[in-house]
Amino acid sequence: MQHISPLWHDPETHLARRQPDHPILYFSPRVLHQTAARFQTGFPGLVTYAVKANPHPAVLANLVAAGVGAFDVASPGEMAAVRAASPTAVMHYNNPVRSLAEVQAGIAYNVASWSVDELSELEKLVDVPRDCEIAVRFALPVTGAAYDFGSKFGAAPEQAVELLKRVAAEGWTPSLCFHPGTQCEDPSAWGKYIIEASRICKAAGVKIDRLNVGGGFAANRDGVAPDLEQAFYAIADAVEVGFGTELPALICEPGRAMVSEAFTLAARIKGIRKGGEVVFLNDGIYGGLVDIRDMGLPGRVHVVAGDGSHRIAQATPRVVFGPTCDSLDRLPDGLPLAQDAQVDDYVLFPGLGAYSSAMSTQFNGYGLSDVVTVMELTAEASR
């Protein structure tokens with residue numbers, strides 16, 4: 001008989017009853033469905049999901065159930081994960097550097113759209129069927145994101161012109177794509193890329209079929225929900241300005257912004273030292289908190305006692321270490337935790353659905369692997 005996991009009401013209830021001594025991700029399918037609907041309603045084009053952000057089977061299955069039918073994949077492993085979730089899902093292979101074996105895997109998985117940013121990479125795709133789309137990926141020195149992807153991927157505009165000509169001449173469906181960088185909070189960044197995309201098309205003399213505006217949509221990190229709609233409007237306006245009456249179809253590939261809010265991470269306090277100035281957790285930068293190391297401290301953290309109640313004393317900045325024997329296993333200094341926090345309490349980190357389980361290791365025998373499904377991501381939601 002198939003085992004069906006229990007559905008808990010909220011993390012606090014689960015923590016109080018089970019007293020887990022390992023880090024846990026709490027997943028709300030309801031929140032994920034709401035976010036998917038927000039993108040599908042607001043974005044003026046096709047919404048795909050960047051699997052790298054969180055490839056958990058429950059995430060992929062719920063996105064398919066929410067009507068997401070296309071996925072951005074970066075490896076054969078992600079292709080297999082998508083195919084397990086849906087036999088008919090459309091896959092876009094937008095990692096522009098591939099081995100020949102990976103190219104053959106993409107062909108075997110019937111990848112519909114590929115990206116390139118260099119002639120040598122395009123030459124690897126000689127066996128890709130000519131009814132597929134190939135999008136030329138370009139990069140600009142545009143600011144506004146937490147960190148830039150252009151240092152690794154993306155052709156300069158003049159190189160993109162030549163690549164686009166070659167793609168069209170070889171008989172593939174020509175398109176363009178870019179990525180404004182992760183956690184992009186400046187809608188004008190998309191506008192600058194889109195205007196440059198129109199110039200590339202004009203210089204190449206090629207009419208593109210679609211324009212992929214990437215991911216980069218901001219997630220909630222400081223307690224203030226990002227204005228995704230403002231980015232959607234900026235994208236639609238820029239396409240009209242740049243392309244006039246010959247509008248390409250649009251694609252986006254959110255990862256972080258799609259899945260972040262659907263998960264809350266719970267870590268347990270293992271030790272408190274130096275009069276409360278230093279706290280040790282059972283998760284850290286080698287586990288589900290790795291993204292905090294790169295993105296900075298979140299603005300939303302809650303301390304929960306063993307009975308499930310929230311500590312309400314004033315929060316003070318702490319030095320926080322993870323559980324491993326490596327002294328580098330340390331969050332950026334100053335994480336605010338309630339003054340009355342105690343050993344065996346839990347620290348809840350909302351909005352950690354992206355790049356938590358996906359990047360967690362098992363270093364020193366620690367790591368993040370347990371996902372618990374809940375109706376609400378905090379008991380406060382039902383009060």
| message | Residues to consider are V47, V59, V31, V51; find the one that is touching a residue at least 40 places away in the same chain (Cβ under 8 Å), within 18 Å of G353 (Cβ to Cβ), in contact with a Cys (Cβ under 7 Å, 6 or more places away or on another chain) and not acidic (D, E). | response | V47
| task | Search segment 242-256 for residues being part of a loop (DSSP other than H, G, I, E, B) and not aliphatic (A, V, I, L, M), and hand back the single one that is surrounded by the fewest Cβ atoms within 10 Å (Cβ to Cβ). | result | T245
| request: Quickly run through segment 199-226 and pick out the residues that are small (G, A, S), within 25 Å of the chain's Cα centre (by Cα) and surrounded by fewer than 20 Cβ atoms within 10 Å (Cβ to Cβ). | output: G223, A225
| G181 versus (1) at pLDDT 95 or above; (2) surrounded by fewer than 24 Cβ atoms within 10 Å (Cβ to Cβ); (3) touching a Phe, Trp or Tyr at 6+ places or on another chain (Cβ under 7 Å): which is the lone unmet condition? | (1)
| note | Just one listed residue, out of E246, E229, E196, E240, is within 22 Å of the chain's Cα centre (by Cα) and of a type in the set (D, E), and it is E229
| note | Scanning segment 228-256 for residues that are of a type in the set (D, E) and touching a residue at least 40 places away in the same chain (Cβ under 8 Å), the one farthest from H56 (Cα to Cα) turns out to be D237
| query | Going by the structure shown, is A234 out of contact with any strand residue (DSSP E or B) (no Cβ under 6 Å at 6 or more places or on another chain) and outside any helix (DSSP H, G or I)? | reply | no
| said: Name the residue that is surrounded by the most Cβ atoms within 10 Å (Cβ to Cβ), counting only residues in segment 257-282 that are on the phi < 0 side of the Ramachandran plot and free of Cβ contacts under 8 Å to residues at least 60 places away in the same chain. | reply: F280
| Yes or no: Y286 crowded, with 21+ Cβ neighbours inside 10 Å, assigned to a loop (DSSP other than H, G, I, E, B) and at positive phi? | no
| Of all residues making up segment 363-375, the number that are in a loop (DSSP other than H, G, I, E, B) and either buried (at least 19 other Cβ atoms within 10 Å of the Cβ) or modelled with pLDDT under 95 (or both) | 4
| request: Could you grab me the full set of residues in segment 221-231 that are assigned to a loop (DSSP other than H, G, I, E, B) and in contact with a strand residue (DSSP E or B) (Cβ under 8 Å, 6 or more places away or on another chain)? | output: P226
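The values are calculated or read from the model by the stated rules, or taken from the named source; none is laboratory data. Remember, predicted model here, so these are calculated numbers, not experimental data. Virtual Cβ from ideal backbone geometry, glycine too; neighbours counted across all protein chains shown.
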